[in-house]
Amino acid sequence: MEKFMFNSKLLLNFKLISNYKMTLRTNMLFLCCLAFMIALGSCKKSSTTNASENTTMKTYDPHSYALPSEAVMTHLNWTADIDFEKKIIQGVARISIHASEDAKKIMLDTKGLEIDKVTVGLDESPTEFSLAPAQEPLGSALEVEIQPGTKIINIYYKTSPGAEALQWLSPVQTAGGKHPFLFTQSQAILARSWIPLQDSPGIRFTYEATVTVPASLLALMSAENPQKKNSDGVYNFTMKQPIPAYLMALAVGDLEFEPIGPRTGVYAEPEVIEKAAYEFAEVDKMLEAAEALYGAYQWERYDLLVLPPSFPFGGMENPRLTFATPTILAGDRSLTSLVAHELAHSWSGNLVTNATWNDFWLNEGFTVYFENRIMEEVFGPSYSEMLASLAMQDLKSEVEEMKKGGNAADTRLKLDLKGRNPDDGVTSIAYDKGYFFLRTLEEKVGRERFDRFLAGYFKANAFKTMTTEDFIDYTNDSLFTKNNIPIDSTLYEQWIYGEGLPAQLPMVSSARFEQVDSVMGLWQAGKPAKSLNTTNWSTHEWLHFIRQLPDQMNVQKMRELDEAFGFTLSGNTEILTAWFTKAIRNKYTPTYKALEDFLVEVGRRKFLVPLYGEMIKTDAGRKMALTIYKKARPNYHFVAVNTLDDMLSYNP
Ligand code: BES
Ligand code: ZN
């Protein structure tokens, strides 16, 4: 997952001692609140009503201007023209709404959109609307006047060339080099920069779309998709299951389809398609394993789309069509736990959705747990325990860094992101602390009970929204009370509302990593690298090996390893990133050219942050970072640029 520790600025003034006192006070407060919440019980659930029947929005979302108790959207009919010359989308969003009887307006989210006209009804009667001044990071509220009985509003609009969700690539930024490319990244709150809508994870809607693109290109969405190009460049889409706005997605490019199994396949540029189909061949096994664990797949098809290397994430779980970075095409299927992860989101996230970004761990922690179970099923426990062990290392080091950066409050699973960018919550906490919390629950009740509980959780809450407090209620009822196990609220206190890590963590032990540790011991005792026994090591063993290398190494030691194992020339982006990090730290200049090439080509934030982060630790490194960044920045998506500008104090 993505990691970046630069939001500590705000908190730097807090002294450790006051943090400690605050923690004590917060804990006391928490205990009182918890007692109160338990006393209130289900009364909390029924106390708010909603304008919509098909959403379960009952929570205030600090990252949306929508007022769902007045009016919510239930369906989107989107018509759009994709203009590669002007780098804009010109569109009409026809939004079906459900409003309370006395509602006089509906509030939508927009960011950087130019609104040309708004009408209501099928007959397109004129109506009043106003666009509020923009605020960071939310954008501008769009208020549209409605009458009793208004069922539909029609918004005619254009995106801005800088629309934050969109990345417009020129042909040189693609594998083929001949055609332009466009893709979107809507999570967390960027859907509003390309469609006016209610951009809150608690509001779900179905959609249909008609998208016009240049005739040489194929368009794909998070919907039912075409499998080949047509001659007029007009594509129709339907998504009949209700989804939240952050799962809206579009990609346009010179794309081909290759089937993998009966329900699965991959889209990619022609230059990449064979490699991609080889890499993802195990996806059907993963899908079957997932269904056997937690219930039938609800989205009919599961396809993957391989994007150009500037895609800012490893993967994005757009329903029916996972978007994936080409940096996982290692050639040996060794990085496909990412596919298991995005596939798992078809249950955790897309079916049962975090109500707000403060509950982000419900999406990601569940997904890491589920991903690990899929990997265990398909590749065995010795494989999945390597993943768990790497996750534990990540988690421990991130918690330490966050504490050091004065950012301890964000080490809680339940976040408080009001007034901040939800991106601040994308840390190892939601992913790995979330994962180890669920693993703790599993260990407490036993795997059989826990699996039954999870299958029930996905079934009972399908197409609904979940807050952390809903989760606690559900767990108390369906995991503990149902199984006659006493409720242990200290678990919630420590894991969900407490800072840092509980004293008692799940035991993770990887025999394969222990073997790596002993090889490392031999090398450190003087055995030459070339004569070490590394046969059958997978990417994960190599990653563990590189991570365990001593912090300080001289150039001879680095060269010895590089000559023995060819790290600098590795085609594996995870290994490269781990190695480059050590190379920067130890000023091992023979890798610098490869490092620069990598940073100019790849825009995946998970790699960029540790590499630039390592460089800026010294003055000379900072200079190098800025030189490379100036060159590479035009190839990065907004979400990476937004992170790195801040990290490097870069003023464009
Ligand atoms: N949904 C996330 C990506 C995301 C999170 C985008 C928050 C925007 C805001 C996706 O499922 C994810 O977690 N991707 C990881 C891969 C994974 C294997 C941990 C990534 O991109 O590194
Ligand atoms: Zn995820």
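The values are calculated or read from the model by the stated rules, or taken from the named source; none is laboratory data. Worth saying up front: this structure is predicted, and the values here are computed from it rather than measured. Note that we place each Cβ from the backbone using ideal geometry, even for glycine, and neighbour counts take in every protein chain shown.
Observations, loosely collected:
- Looking across segment 390-449, the residues that are within 16 Å of ligand 1 (Cβ to nearest atom) and outside any helix (DSSP H, G or I) come down to Leu413, Leu415, Leu417, Arg420, Asn421, Val426, Thr427.
- Filter result for the condition that a residue is more than 22 Å from Thr353 (Cα to Cα) and either within 14 Å of ligand 1 (Cβ to nearest atom) or modelled with pLDDT of 95 or more (or both), over Leu329, Leu304: Leu329
- If only residues of segment 341-359 that are farther than 16 Å from Asn461 by Cβ and of a type in the set (A, V, I, L, M, F, W, C) are counted, the one that is nearest to ligand 2 (Cβ to nearest atom) is Leu343.
- Set side by side, the residues Leu321, Leu362, Leu305 differ, and just one is away from ligand 2 (no atom under 13 Å from the Cβ), more than 26 Å from Ala632 (Cα to Cα) and surrounded by 23 or more Cβ atoms within 10 Å (Cβ to Cβ), which is Leu321.
- Among residues of segment 327-355 that are more than 18 Å from Asp303 (Cα to Cα), those with a beta-carbon under 6 Å from a residue that is within 11 Å of ligand 2 (Cβ to nearest atom) and of a type in the set (S, T, N, Q) at least six positions away or on a different chain give the pairs Asn354/Asn363.
- Filtering Phe379, Phe366, Phe313, Phe323 for residues that are within 13 Å of ligand 1 (Cβ to nearest atom), in the same structural domain as Lys464 (by TED's automatic domain parsing) and on the phi < 0 side of the Ramachandran plot leaves a single hit, Phe366.
- In segment 255-267 there is at least one residue that is part of a loop (DSSP other than H, G, I, E, B), touching a Leu at 6+ places or on another chain (Cβ under 6 Å) and closer than 26 Å to Arg633 by Cα.
- Which numbered condition Lys285 misses (of (1) surrounded by 19 or more Cβ atoms within 10 Å (Cβ to Cβ); (2) in contact (Cβ under 8 Å) with a residue 60 or more places away in the chain): (1)
- The set of residues from segment 146-165 being of a type in the set (S, T, N, Q) and surrounded by 15 or more Cβ atoms within 10 Å (Cβ to Cβ) comprises Thr150, Asn154, Thr159, Ser160.
- When every residue of segment 379-394 is checked against the conditions, none turns out to be within 15 Å of ligand 2 (Cβ to nearest atom) and among the hydroxyl-bearing types (Ser, Thr, Tyr).
- Helices (runs of 4 or more DSSP H) (entirely within segment 519-627) containing at least 3 residues that are in contact (Cβ under 8 Å) with a residue 60 or more places away in the chain: 539-548, 605-615
- Hits in segment 309-326 - residues which are touching a Phe, Trp or Tyr at 6+ places or on another chain (Cβ under 6 Å) and closer than 17 Å to Glu279 by Cα: Thr325
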